[in-house]
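The structure appears right after this line, and notes come after that.
The values are calculated or read from the model by the stated rules, or taken from the named source; none is laboratory data. Computed from a predicted model, the values in this text were never measured in an experiment. Reconstructed Cβ throughout: ideal geometry from the backbone, glycine too, with neighbour counts over all protein chains shown. The accessibility values were calculated without ligands, DNA or RNA, using every heavy atom of the protein model including side chains. Shrake-Rupley method; radii C 1.70, N 1.55, O 1.52, S 1.80 Å.
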Amino acid sequence: MPAVQETVERVKAIDVEQYKYGFETTIEMDKAPKGLSEDIVRLISSKKGEPEWMTEWRLEAFRRWQTMREPKWARVNYPPIDYQELYYYAAPKKNPAPKSLDEVDPEILKTYEKLGIPLREQEILAGVEGAGSRVAVDAVFDSVSVVTTFKEELKKAGVIFCSISEAIREYPDLVRKYLGSVVPVSDNFFATLNSAVFTDGSFVYVPEGVRCPMELSTYFRINERNTGQFERTLIIADKGSYVSYLEGCTAPARDENQLHAAVVELIALDDAEIKYSTVQNWYPGDAEGKGGVYNFVTKRGDCRGANSKISWTQVETGSAITWKYPSCILRGDNSRGEFYSIAISNGYQQVDSGTKMIHLGKNTTSRIISKGIAAGRSENTYRGLVSAHRKASGARNFTNCDSLLIGDKCGAHTVPYIESKNASAVFEHEATTSKISDDQMFYCLQRGLDEEEAVALIVNGFVKDVLQQLPMEFAVEAQKLISISLEGSVG
Amino acid sequence: MLQINNLVVEIEGKRILNGLDLTVKAGEVAAIMGPNGSGKSTLSYVIAGKEEYEVLDGEILVDGENILELEPNERAARGVFLAFQYPLEIPGVSTMTFLKAIMNAQRKAREEAELTTPEFMKRVRAAAEKLHIDQEMLRRGLNVGFSGGEKKRMEILQMALLEPRFCILDETDSGLDIDALKIVAEGVNTLRDPARAFLVITHYQRLLNHIVPDTVHVMANGRIVRSGGKELALELEASGYADYREQAA
């Protein structure tokens, strides 16, 4: 992070003002009215300079969506969403940007401080006026030497890493071949909505036999303003390639949108491997649980080739509502799917998350390690499906779901579904629910730790197996984030 | 150093300590002996600040300050250490991580700088060696899968590293074979210091052959009923607690 501060300062010294101006003007012109209609879908598509087939693809999704109903099976409660009251393109700001850090919620500032984020970067994350709009920030990242080197190295390796909008224009054949091939347009209510109106996201293509030379991070991608709401990510690992992708940031970024409905599709061909890591820390709402982000995400990976592997690792600490099931379709013979998850809920947060491992090919294996931690008045549900189809002989799964309760007003629930249509499949399921005991707490306190330090220590021990799966630097940040998320959960 | 006056304690409406008085001076090793159920462990928990005990009357002074209103971690920062009869397990937290966390937490509370990693490692290695604790054990989750003897040695290791001023050993000898007992006793003996006081709680005389006390107090029915020198422990070993039980009844 300090390296980033340096770059931010450097570029700010050059000409942030210019960015600010150009950006403000553009937005004024691009503002679209509230609500969703075929016209809005067409507008989004034309603003993105998309080809006709893409516009049709979006329209088909929109028509489907109109016939669909919002799913109600998850263990979450929220007031009905009026989809015609939302902005689907370039939503104007609801509140004016804070003039300085003095106007930013002190709680958020405290979090930044604890995460060790430099002052200048805090201003940017908090959306302080003049600190650089998000366009400028990302432009900043894009214009510095670090990123230039980064892009050059990727180019040398032949890796394509760009925004999905750019990919639609520059690599239409790849996009057309793979977009919607894992999460079909009509998959579910939120994915279909996303298909109609997504405004941006990432595109990655790793060519045959290439091992991507570095971790790809959304942090380094040019992001247009207000595109967080309906993100679309497509990652393709061609035969024998490898890529590790990091999504999110441990710092709680200011966001205007309450509803988030992203779609992520991963495709691994023969012998390819994709590792996808997420740290999600959207605004969870205030002390009464109001105003937090609703996060309805569809993430799915397709192990399309033989011997391919897809691994999801997630640390979920934010959002008022999380509805998210990163899944693997194990289509190729001998393919492997992994899901490692830490889901923490505090305050009034509601989490309904888990995974699906669909075994289609022979000798496919999967592993699920889920650690749910519920504190405050939160509800934390693990919902998972492991299934073996008729031809999936030799399929194997190991599932371990552990829940930890902190306090007596929260809830943890485990809902595993297991379906096997092949007699040779072996599925193992282990689950535990525990509570931090008073004796454990007393023991830690007696040694001089305060209550929050004690909880953080015990929880970090509880989630260790999953933290180990994260890339090193991400893991250190995630560990800090876990401690911060649980503050105020005891006493 | 430690002065307890007229301590009255209940748990769930049941009276456990009944006007207990006790004084332990700096540099002194005081043994508390008594039959089961006499309130020995309760005394150790109340000094350390365990929540569920209700103190109805009295005071506990450490260096003249009444600590009853302090949180357990605040008491720890003032140098109160309790070696548990049944040390707790913390899965997933390596012993090393735990040791570093507690040492730095106490340093922070005393406004001292955090230990550097090399300094920390040096201290742990030196202390662990004396207690026959190997590196492999330090990498495992705290107390997870440790034998009874290993757990007790780990308690003494923490005591050695935290350098507390007032140490309570609650039935540290329970579950130890003679070799383990000797290692633990030796660990305690090397910590004896004119500025440090010990309260050794035990049911049996055995431990006191290895940790020789300056004073011995007999506890029954929630109070100290007799005090004397180390010879009192030997007398108890010969006569048993029968007399005190009657007295209590």
Here is a check on your reading of the model: is B:M137 surrounded by 14 or more Cβ atoms within 10 Å (Cβ to Cβ), modelled with pLDDT of 95 or more and part of a helix (DSSP H, G or I)? no
Scan region B:22-79 residue by residue and report those that are open to solvent by 10 Å² or more (accessible area, probe 1.4 Å) and assigned to a strand (DSSP E or B). B:T23, B:E54, B:V55, B:L56, B:D57, B:G58, B:E59, B:L61, B:V62, B:E65, B:N66
Across region B:197-214, what is the number of residues that are touching an Asp or Glu at 6+ places or on another chain (Cβ under 8 Å) and open to solvent by 10 Å² or more (accessible area, probe 1.4 Å)? 6
In region A:404-432, anything open to solvent by 50 Å² or more (accessible area, probe 1.4 Å) and within 14 Å of chain B (Cβ to nearest Cβ) is listed as A:T432
Does at least one position in region A:475-485 carry a residue that is under 29 Å from B:I168 (Cβ atoms), within 14 Å of another protein chain (Cβ to nearest Cβ) and either buried (at least 19 other Cβ atoms within 10 Å of the Cβ) or touching a Ser or Thr at 6+ places or on another chain (Cβ under 9 Å) (or both)? no
So which of B:A233, B:A238 ends up being open to solvent by less than 10 Å² (accessible area, probe 1.4 Å) and assigned to a helix (DSSP H, G or I)? B:A233
Does any residue of region B:84-104 turn out to be open to solvent by 20 Å² or more (accessible area, probe 1.4 Å), at the interface with chain A (Cβ under 10 Å from one of its Cβ atoms), in contact with a Leu (Cβ under 7 Å, 6 or more places away or on another chain) and within 30 Å of B:T23 (Cβ to Cβ)? no
Among the residues of region B:167-196, write down those that are touching a Gly at 6+ places or on another chain (Cβ under 9 Å), assigned to a loop (DSSP other than H, G, I, E, B) and either open to solvent by less than 10 Å² (accessible area, probe 1.4 Å) or under 19 Å from B:F146 (Cα atoms) (or both). B:S174, B:G175, B:L176, B:D177
Would region B:123-140 turn up any residue that is within 12 Å of chain A (Cβ to nearest Cβ), in contact with a strand residue (DSSP E or B) (Cβ under 9 Å, 6 or more places away or on another chain) and aliphatic (A, V, I, L, M)? no
So is B:E114 facing another protein chain (nearest Cβ under 10 Å), open to solvent by 70 Å² or more (accessible area, probe 1.4 Å), of a type outside the set (S, T, N, Q) and not in a helix (DSSP H, G or I) or not? no
Any residue in region A:189-204 that is among the acidic types (D, E) and modelled with pLDDT under 90? yes
Here is a list: A:V386, A:V466. Which entry is away from chain B (no Cβ under 14 Å), of a type in the set (V, I, T) and under 25 Å from A:H359 (Cα atoms)? A:V386
Residues B:E54, B:E69, B:E74: which one is away from chain A (no Cβ under 14 Å), without any contact (Cβ under 8 Å) to a residue 40 or more places away in the chain, out of contact with any Leu (no Cβ under 6 Å at 6 or more places or on another chain) and more than 28 Å from B:Q205 (Cα to Cα)? B:E69
Could you please find all residues in region A:256-279 being open to solvent by 10 Å² or more (accessible area, probe 1.4 Å) and either under 30 Å from A:G240 (Cα atoms) or without any contact (Cβ under 8 Å) to a residue 40 or more places away in the chain (or both)? A:Q258, A:A262, A:L269, A:D270, A:D271, A:E273, A:K275
Residue count, region B:153-171 (criterion: away from chain A (no Cβ under 14 Å) and touching a strand residue (DSSP E or B) at 6+ places or on another chain (Cβ under 8 Å)): 1
Considering (1) open to solvent by 10 Å² or more (accessible area, probe 1.4 Å); (2) closer than 28 Å to A:G461 by Cβ; (3) of a type in the set (D, E), say which one A:D286 fails and leave the rest. (2)
Considering residues that are open to solvent by 20 Å² or more (accessible area, probe 1.4 Å) and more than 7 Å from chain B (Cβ to nearest Cβ), the number found within region A:439-459 is 3
